[in-house]
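Reviewing the structure listed below.
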Amino acid sequence: MDAAGAAGGIDAAETAIFPDWSRLPLDPLLVVMAALEAPDLVRSGAACSSWHAAYATVRRLRIPTVESPPCLFYPAAGDPDPDAATVYNPTTGASFRVRLPDPPLRRRSIHGSGHGWLVAADEASNLHLVNPLTGAQHALPPITGIHNTEPAAPRQPGEPEAVLSCSPCCAGGDCVVLLLHKPNGQLSFARLGDEVWTWIGGDEYYDDEEWLDSGYRDAVYNEKDGLFYVLGFGADIITLDLKGASPVVKRVMKDVTKYSNPTKYLVIAPWGDLLQVWRMTASRSSATPVRQATEGMEDFDVKRPYHELYTKEVQLYKVDIGNQELVRIAGLGEYALFLGLNSTMILSTKDLPMLRADCAYLAHDNYEDILIHTHNGKEIRVWNFRSGTLEDADNVHSWRNWPVPIWITPSLC
């Protein structure tokens, strides 16, 4: 070995063992990258300059990549960067860090996620679509353009839930954002590029006796018929056709319960059924009190430092519109459910064997609790339908309680 080798250089034999991956030709590198899930693709693009160029080519040409499983998006405890968050993949146990564009993440509130994008509100309560992987951001119409709505106080957690029809990258600019205003049974929507929100209302579907428990709890967009299905507090359902010049509203499911307490969700299962999910929660005293506010939220008092909300039970129902009834089902078999502020998702565990079958992956989403107990503990657990028990999630690092952790499906679009 020469002096260079003796000093720590790499000789020809070592080069054969440790090839220079940065010199891979572009074409095979693109094939490899197209087989990666979005989080892995982003990380590979940071390996070196040639890999970053290949990653940029995948994005520029919109080369189809493997669909990513749901990941948990949350601000990590101890991270001093107000723009940074952690993305945790439960199918691999891996986590990686992302940075969002201004305004700072800790001065935003989260109101939904879908197709890889977050719906986040700034200090003036104006909503933005944000892709946490790419940093892309689209402003939605000002909140002052919503019927009978005024901006909230700075850093005030708001109530509207947002549901997307598709990714903002979809062809033709067809992305529609539907807002569910709680608890007054009102709806608004806007297409990407609109200057104002279009108010639909909703109060007219409830009589005076129903008013206290009125409003809408969740919505899902059905790609097959192009309709939004919107779930009421009483388990009733309306459809919204927003394709024409004026919204068309139709009630397809009557109230089937006056029991409005469970948090209710609506999801279209992979096998085609429309399902309702009911999540029962209760409060208890935490062993660890909340000691300080999150940065950027110092003006909120910790009212009950030991308060903690947890899930007692999760129930599943098949929606039978023909017979106007809900049919209780025991579990999901080989599927897993993801609940939270996100659009509800069901995935096959055959395709993702690291996921727990017949379980619901839970993230905190009780708006009233978020509003009143902003800094208190936020639930990230797993509900096992088979055993009827609440289990711990694996490998999730400590998280901040604000903004609220949420499930996302990472996407480069």
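The values are calculated or read from the model by the stated rules, or taken from the named source; none is laboratory data. This is a predicted model, so every value here is computed, not measured. Quick reminder, even Gly has a Cβ in these numbers, built from the backbone with ideal geometry, and neighbours come from all protein chains shown. When the accessible area is computed, the model is the full protein with side chains, heavy atoms only, and any ligands, DNA or RNA have been set aside. Shrake-Rupley method; radii C 1.70, N 1.55, O 1.52, S 1.80 Å.
A few remarks follow.
- Residue in the stretch 132-145 that is at pLDDT below 95 and in contact with a Gly (Cβ under 6 Å, 6 or more places away or on another chain) present: no
- Sole exception among (1) modelled with pLDDT of 75 or more; (2) surrounded by 11 or more Cβ atoms within 10 Å (Cβ to Cβ) for Val58, by number: (1)
- Qualifying residue in the stretch 367-386 (condition: among the hydrophobic types (A, V, I, L, M, F, W, C), modelled with pLDDT under 95 and over 19 Å from the mean Cα position of the chain (by Cα)): yes
- Only listed residue being open to solvent by 60 Å² or more (accessible area, probe 1.4 Å), modelled with pLDDT under 95, farther than 26 Å from Ala76 by Cβ and out of contact with any Cys (no Cβ under 7 Å at 6 or more places or on another chain), chosen from Asn323, Asn261: Asn261
- Qualifying residue in the stretch 225-232 (condition: in contact with a Phe, Trp or Tyr (Cβ under 6 Å, 6 or more places away or on another chain), buried (at least 16 other Cβ atoms within 10 Å of the Cβ) and closer than 19 Å to Glu325 by Cα): yes
- Residue match in the stretch 390-399 (condition: modelled with pLDDT under 95, closer than 26 Å to Tyr221 by Cα and touching a Gly at 6+ places or on another chain (Cβ under 9 Å)): no
- Verdict on Leu326 being assigned to a strand (DSSP E or B) and touching a residue at least 40 places away in the same chain (Cβ under 8 Å): yes
- Matching residues in the stretch 161-191 - criterion: being within 20 Å of Asn131 (Cβ to Cβ), assigned to a loop (DSSP other than H, G, I, E, B) and either among the polar types (S, T, N, Q) or modelled with pLDDT under 90 (or both): Ser165, Ser167, Cys169, Cys170, Asp174
- Checking each residue in the stretch 104-127 for being assigned to a loop (DSSP other than H, G, I, E, B) and within 19 Å of Asn401 (Cβ to Cβ) picks out Pro104, Arg108, Glu123.
- Within the option set Leu341, Leu309, Leu352, being among the aliphatic types (A, V, I, L, M), outside any strand (DSSP E or B) and either farther than 17 Å from Leu266 by Cα or more than 21 Å from the chain's Cα centre (by Cα) (or both) holds for one residue only, Leu352.
- Flag if Asp241 is farther than 24 Å from Phe338 by Cα and at pLDDT 95 or above: yes
- Residue match in the stretch 369-379 (condition: among the charged types (D, E, K, R) and open to solvent by 40 Å² or more (accessible area, probe 1.4 Å)): no
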